[in-house]
Each structure stands twice: as structure tokens, then as C-alpha cells.
Amino acid sequence: MRGVFVVFEGGDGTGKSTQARLLADWLNASGREAVLTHEPGEGEVGRRIRELLLDPATGDLSPRAEALLYCADRAQHVDTMIRPALERGAVVVCDRYVDSTLAYQGAGRVLDLDELEPLVWWAAGRLRPDLTVLLDLAPHAGLATIAERDRLEAADDAFHERTRDGFLDLAAREPERYLVLPAREPVTVVQEAVRHRLAPLLSGEGHDAEIGRRNLWSALFDPEAPLSVPPGTMKP
Ligand code: TYD
């Protein structure tokens, strides 16, 4: 039996961690094993890599070195935690994954995506999420909620704008595997939309093609919105 792999992505301060925790708690309460995890920093190796990556004392890292460190953290995470949990049938709820490297290091640090993508998927052992929930928010709104910024959060506004666009581009490329939600909606509304979208995957029915095309966001929040989510659609 293979479990279900759900990832939450988005900028800093978008409420990913809250949504991931609510989802995992709900799954566990309803009798389905859920493993809540995050990147970077799971396990002892992850903890050390995370420290290097996020401590402002690290100073400037070469963008390629930064990308490789996130990839190293993920390789360890996939092999020691995510894949074993999926193999025993659990639902893995992960706060950040491959798309964060493509958006932050690819779009944000401006690394060539054609070079970065194969490397990132190699490091992840080609393990693809069944569903990626992207919580979209204007960077200034998300970052305003953060009191003490880590090395990445301290990057300039243009970096965070490129990162946001990077996430939206990834979602637009593969709408059936993404759920894009406006992070400024109330926590309960966002959570409800996630559970609704996940239901067919939990019951083993796979993706609902129609819901995938509509991306649900448009169905729930703006019935007049176009059926796909082109980059930048949700910007205020
Ligand atoms: P974290 O404190 O976990 O932030 P958040 O709570 O917003 O997820 O720090 C993770 C930081 O690392 C965050 O700023 C995003 C960044 N990051 C990357 O740049 N690339 C990656 O591949 C990942 C996983 C995270």
C-alpha cells in the first residue's frame, strides 16, 4: 500500500505551518496515520544543514551551494522519513519540498531552471507529491508578520517577488497536481478547501480531473475566474 504525499508551499509568513498542522491533526483524529514534517531541518543531519542555511552569521552563500544544501537536506529527509512513511501507507504532510528550491534558488537566486530541475528531482529520489498546496500572498504582507528574519527572509523585496512568481509559474504548469489558495483567506476557509481537494486522493480515487482543471480556488473564491491559474492571477 502506498500512502499519500501532500506538500504545502508558499512564501514566508503565509501560514503553511498552521495549515499543515491542522491537516495532520484532522487526519490523525479521523483514524488515518499522518506524518507531519518540514524542510529544511528534519533529523540530526537536517538540523545541522538548516543551521548553516538559515543562520544570518553564515553570510553570503554561492547560490549553487545554497541549492545543493537544500537538496542534501531533502535527499536525507526522503530516504529516512518520507518514503518509509509512504511505504507503510501513511499520509505525509510536508511543509516545503522541491518547489521551494525551484522558487527560492531557481527564480529567487536566478539559477537556470533547466539545469536545476533535473538535479533537484534526482536529489529527491524522483518522489513527486500527490498534491501540492500553494498558499499565495504578496511578500510584503507575509514578511510583515515575521519579527526576526532568518538569512533567506532577510533577502530583498525583488528576491521575494521573483520567488512568488516562481511558485505561481510552477503551479500553472501542472494545475492538476496543485491547489492554489489565497493565503489571506481565513485559516478555516483555507483548511476546508484543502480537505475538500484531498478527499478523492485519500479514498484512492486519484485526481478529479475537473477539480484539477478548475483548481478549486476559482470555484470557491471567484466563480468568474478563468479555469486555470496563469502566473500572477491572484496578485491583488
Ligand atoms: P523556515 O523557518 O522553515 O521557514 P518557513 O516557516 O517560512 O517555512 O525556513 C525555511 C527557509 O528556507 C524559508 O525562508 C524558505 C527557504 N527555503 C529555500 O530557500 N529553499 C528550499 O528548498 C527550502 C525547503 C526552503
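Throughout, read-outs are computed from the coordinates displayed, never taken from laboratory work. Keep in mind it's a predicted model, so treat the numbers as computed, not measured. Here the Cβ positions follow ideal geometry from the backbone for every residue, glycine too, while neighbour counts run over all protein chains shown.
Observations on the model:
- With neighbours defined as other Cβ atoms within 10 Å of a residue's Cβ, the residues Ile82, Ile146, Ile49 order from fewest to most as Ile146, Ile49, Ile82.
- Sequence of Thr18, Thr163 once ranked by neighbouring C-beta atoms within 10 Å, starting from the fewest: Thr18, Thr163
- Under Karplus coefficients 6.51, -1.76 and 1.60, residue-wise ³J(HN,Hα) of region 43-52 in Hz, glycine/proline x: x, 5, 5, x, 4, 5, 5, 4, 4, 4
- Lys/Arg +1, Asp/Glu -1 at C-beta; region 82-177 dipole; positive extreme among Ala147, Gly108, Val133: Val133
- For the chain, the dipole from Cβ point charges (+1 on Lys and Arg, -1 on Asp and Glu) about the Cα centre works out to 500 debye, to the nearest 20.
- Annotation for region 57-146: trypsin sites (Lys or Arg not before Pro) lying in DSSP loop with at most 14 further Cβ atoms inside 10 Å of their Cβ are Arg88, Arg126.
- Relative contact order of the chain, pairs being alpha-carbon contacts under 8 Å that are 6 or more residues apart, as %: 26 percent
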